[in-house]
Amino acid sequence: MKRILLISLLIISFSKAMSAALKFPVSEIPESLKKDVDVVIREDKMVYEVISASKGRLSAYYVVTILNGGGKGFASKVLGYDKLTKITQLKASIYDASGKLIRKIKNSEIYDQSAFDGFSLYSDNRLKAIDLSHGMYPYTLEFEYEKEYNSLFYIDGSYFIPGERASVQYASYELIYPPSIAPRYKTLNINKEPSKGKTAEGYESLTWVFENLTPIKFETYSSTTKVIPQIKVAPSFFMFDKYAGDMSSWNGFGQWINSLNKGRNILPPKTIEKVKEITAGYVSKEDKVKAVYEYLQNKTRYVSVQLGIGGYQPFDALTVDQTGYGDCKALSNYMISMLECIGIKSNYVLIRAGEGEPEIDVDFPSAQFNHAIVAVPNEKDTIWLECTSQTNPFGYQGSFTGNRKALLITEDGAKMVNTTQYDAKQNLQSRIADVFIEPSGDAKAKVKTIYTGLQYENDNLDVVLDDSSEKQKKWIQNNTRIPVFDVTAFSFENQKNKLPSATVNLELSLKKYATVSGKRIFLMPNLMNRNTYIPERATERKADVVFKSTYTDIDTIAFHLPDNIYPEALPTSVEIKTVYGEYYSNYILEPGKLVYVRRIKMQKGVFKPELYNELTEFYKNISKADSAKIVFVNKT
């Protein structure tokens, strides 16, 4: 009896030990958080401690359960560091569905390598990476790490829902700081105030806690920044590699940039004389600036430099002059220095460059920039100069830096300005084509398309304009929206103006472009610009509809018909006007030919959610009109 009791006690003790050893069993996740998701964030705890004006510490603890293959991207963790940032701790473990530990990561499994981007000449950026992908779902990963910063220029904030198919069981963010150097913070899409506290050392703390967050639906043509819960944090007073600054205002930020750039505008006498020589024959400021800009393009090339403060401070102009290379900061500073020696004032400009990048939060001064350009004040406008490109048309910003806010650095500080905005008339694609239909249904076409403004960049057209004929032909084959065609001849023309344009001339052979059935020939008159996309309707649209660019397309297609071929009936003309834009198509019958005309103009703007289904209907009607067919009859 005693033996049986002892065995029972041992079994109970062993069961308790096993139960205590289990962590994060999937069974403990509420069913509501597992519905229609790939991952569940079990715990996401971040603590950022401001130690001084030049030191900070981040502690993070992150647990994620990956339910299926759609969440495999969450199985890795990549942490960047450099000479001003140290990773002092990095641990990771993997657990099965029951919560049983499968293994802990070994130091030998942590990849430590240079964060080489392929174009940086100098960089001390490195990364540590862990990949804990597992073949049997579901499984849970546990990450824990700490980072120490020898700069307070950037303070980690937090996003709380990482995607449409991810839920969050528990998340928290704590900010600890000395009262004398309290950082600033801003919350987006969060309707709760932080809890306040004090540490034993007398530091103040702010803590946000969230539980049971369900996935967010990202609606078509909406801004993700309008829906993702986020905390932004930035310093006021800070030190960065012995450079003190005040980021509480954009003007203070600009003064700090001026301190980095001070004394870096010295050029050798030989270069000063060269700049004066190449501009001597010009009268207008714009012509002089253009001459210097083209000299810059021919003399220099872009390389990235990411070394400590060098990530924000440019090489001096003398170094760029001697070596012929520099990053965006150095080349912009070099351009400003050359203009200065001929008496033309220009400004250093910080910007968030790139198509699709989030807009600058103008109400929250902080390190939000990834690029530098130059602005030259002119009588009626501003000349904008992209100094990293050897091929960019003079004064053209395009989708990379156009249509956004930028921080223009002045002598006294800085101010927010708007860059070039291109309107629908400027962003024009104009196409004229002659299509010669044969009785067999085959056809030959001569097509001339002019791309202007932002449409100059369509499908990376601007990249191949001065490239080899082989790459140009490949561009035609990849971007000509005709089912079956052969290119028999082509040419490209590049007009590199402030509003650039490209002309593409094509001669095409079109096999079976029209379908022949007895005495009838069927064809679709929209040759190359057919819209088939129709966004889904929404019963309860919540977010604004956002269009950031505007454009106009005009197609005029003349179909030359064989003798005795006549249209049996013509589609009716279509004219649609909405808040989103306008569409028009028409058919004109002339002796021996039929002319198809199509125009579409799309507007940019922010539209109310209740207007979303009007957009769906607009696209539906465009698709219907673009798919119209014409039936021709042979009357012989």
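The values are calculated or read from the model by the stated rules, or taken from the named source; none is laboratory data. On a predicted model such as this, the values are computed, not experimentally measured, just so you know. When we count neighbours, we look across all protein chains shown, and the Cβ atoms used for this are built from the backbone with ideal geometry, even at glycine.
Between a first residue in segment 163-188 that is free of Cβ contacts under 8 Å to residues at least 60 places away in the same chain and closer than 21 Å to residue 54 by Cα and a second residue that is buried (at least 16 other Cβ atoms within 10 Å of the Cβ) and among the basic types (Lys, Arg), which pairs have beta carbons less than 9 Å apart while being 6 or more apart in sequence or on different chains? These pairs meet every condition: 185/232.
For the structure I just gave you, tell me whether residue 407 is buried (at least 22 other Cβ atoms within 10 Å of the Cβ), touching a residue at least 40 places away in the same chain (Cβ under 8 Å) and more than 30 Å from residue 155 (Cα to Cα).
Details: buried (at least 22 other Cβ atoms within 10 Å of the Cβ): yes; touching a residue at least 40 places away in the same chain (Cβ under 8 Å): yes; more than 30 Å from residue 155 (Cα to Cα): no.
Here the answer is no, as residue 407 does not meet what is asked.
Does residue 106 satisfy the condition of being out of contact with any Ser or Thr (no Cβ under 6 Å at 6 or more places or on another chain), among the basic types (Lys, Arg), closer than 30 Å to residue 304 by Cα and surrounded by fewer than 19 Cβ atoms within 10 Å (Cβ to Cβ)?
Judged against the criteria, residue 106 is not a match.
Among the residues making up segment 408-430, those that are assigned to a strand (DSSP E or B), closer than 23 Å to residue 330 by Cβ and out of contact with any Gly (no Cβ under 7 Å at 6 or more places or on another chain) are 408, 417. Only a single item in (1) in contact with a strand residue (DSSP E or B) (Cβ under 8 Å, 6 or more places away or on another chain); (2) modelled with pLDDT under 95 is not met by residue 417, and it is number (2).
Give segment 59-99 a look and list any residue that's of a type in the set (Phe, Trp, Tyr) and either over 20 Å from residue 173 (Cβ atoms) or over 29 Å from the mean Cα position of the chain (by Cα) (or both), or say none. Reasoning before the result, please.
Initial filter on segment 59-99 (of a type in the set (Phe, Trp, Tyr)): 61-62, 74, 81, 95.
81, 95 - these are the residues of segment 59-99 that are of a type in the set (Phe, Trp, Tyr) and either over 20 Å from residue 173 (Cβ atoms) or over 29 Å from the mean Cα position of the chain (by Cα) (or both).
Would you mind stating whether residue 274 is charged (D, E, K, R), more than 30 Å from residue 366 (Cβ to Cβ) and either assigned by TED's automatic domain parsing to the domain that holds residue 367 or without any contact (Cβ under 8 Å) to a residue 40 or more places away in the chain (or both)? Criteria met by residue 274.
If I filter segment 573-594 for residues that are touching a residue at least 60 places away in the same chain (Cβ under 8 Å) and of a type in the set (A, V, I, L, M, F, W, C), do I get at least one hit? Within segment 573-594 (the criterion being touching a residue at least 60 places away in the same chain (Cβ under 8 Å) and of a type in the set (A, V, I, L, M, F, W, C)), the answer is yes, since at least one residue qualifies. Can you go through 484, 504 and tell me which one is of a type outside the set (Phe, Trp, Tyr) and in a loop (DSSP other than H, G, I, E, B)? Only one candidate qualifies: 484. In segment 522-573, the residue that is surrounded by the fewest Cβ atoms within 10 Å (Cβ to Cβ) out of those that are of a type in the set (Gly, Ala, Ser) and at pLDDT 95 or above is 573.
Please determine whether any residue of segment 92-100 is out of contact with any Leu (no Cβ under 7 Å at 6 or more places or on another chain), of a type outside the set (S, T, N, Q) and part of a strand (DSSP E or B). Steps first, please.
Here is the first cut: in segment 92-100, the residues out of contact with any Leu (no Cβ under 7 Å at 6 or more places or on another chain) are 96-97.
In the following step, the residues that additionally are of a type outside the set (S, T, N, Q) were identified as 96-97.
Cutting the leftovers down to part of a strand (DSSP E or B) gives us none.
Among the residues of segment 92-100, not one is out of contact with any Leu (no Cβ under 7 Å at 6 or more places or on another chain), of a type outside the set (S, T, N, Q) and part of a strand (DSSP E or B), which makes the answer no.
Look at segment 597-612: where a residue is over 12 Å from residue 553 (Cα atoms) and not assigned by TED's automatic domain parsing to the domain that holds residue 583, no partner that is modelled with pLDDT of 95 or more and in a strand (DSSP E or B) sits 6+ places away or on another chain with Cβ atoms under 7 Å.
For residue 509, are the conditions met, namely being assigned to a strand (DSSP E or B), small (Gly, Ala, Ser) and not assigned by TED's automatic domain parsing to the domain that holds residue 384?
Numbers: assigned to a strand (DSSP E or B): yes; small (Gly, Ala, Ser): yes; not assigned by TED's automatic domain parsing to the domain that holds residue 384: yes.
Spelling it out, residue 509 is indeed assigned to a strand (DSSP E or B), small (Gly, Ala, Ser) and not assigned by TED's automatic domain parsing to the domain that holds residue 384.
Look at segment 525-541: where a residue is under 30 Å from residue 595 (Cα atoms) and a partner is of a type in the set (Lys, Arg) and outside any loop (DSSP other than H, G, I, E, B), sitting 6+ places away or on another chain with Cβ atoms under 6 Å, you get 534/620.
Tell me the residue from 274, 262 that is surrounded by 14 or more Cβ atoms within 10 Å (Cβ to Cβ) and basic (Lys, Arg), please.
Numbers: 262 fails: surrounded by 14 or more Cβ atoms within 10 Å (Cβ to Cβ).
Just one listed residue meets the conditions, 274.
Based on this model, can you work out whether residue 207 counts as within 21 Å of residue 368 (Cα to Cα) and either modelled with pLDDT of 95 or more or in the same structural domain as residue 357 (by TED's automatic domain parsing) (or both)? Judged against the criteria, residue 207 is not a match. Within segment 224-281, being of a type in the set (Asp, Glu) and assigned to a loop (DSSP other than H, G, I, E, B) holds for one residue alone: 241.
Tally the residues that are outside any strand (DSSP E or B), surrounded by 17 or more Cβ atoms within 10 Å (Cβ to Cβ) and in contact with a helix residue (DSSP H, G or I) (Cβ under 7 Å, 6 or more places away or on another chain), restricting the search to segment 46-89. The number of residues fulfilling the criteria is 3.
Anything in segment 19-45 that is hydrophobic (A, V, I, L, M, F, W, C) and exposed (fewer than 11 other Cβ atoms within 10 Å of the Cβ)? List them, or say none. Lay out the reasoning, then the answer.
Applying the first criterion (hydrophobic (A, V, I, L, M, F, W, C)) to segment 19-45 yields 20-22, 24, 26, 29, 33, 37, 39-41.
Scanning segment 19-45 gives 20, 21.
Of the strands (runs of 3 or more DSSP E) lying entirely inside segment 120-183, those carrying at least 3 residues that are under 22 Å from residue 201 (Cα atoms) are 139-149, 166-177.
Of all the criteria given as (1) of a type in the set (D, E, K, R); (2) in contact (Cβ under 8 Å) with a residue 24 or more places away in the chain; (3) under 14 Å from residue 333 (Cα atoms), the one not satisfied by residue 288 is (3). On the given criteria, is residue 263 closer than 17 Å to residue 329 by Cβ, of a type outside the set (Phe, Trp, Tyr), outside the structural domain of residue 186 (by TED's automatic domain parsing) and more than 29 Å from the chain's Cα centre (by Cα)? So residue 263 fits the description; yes.
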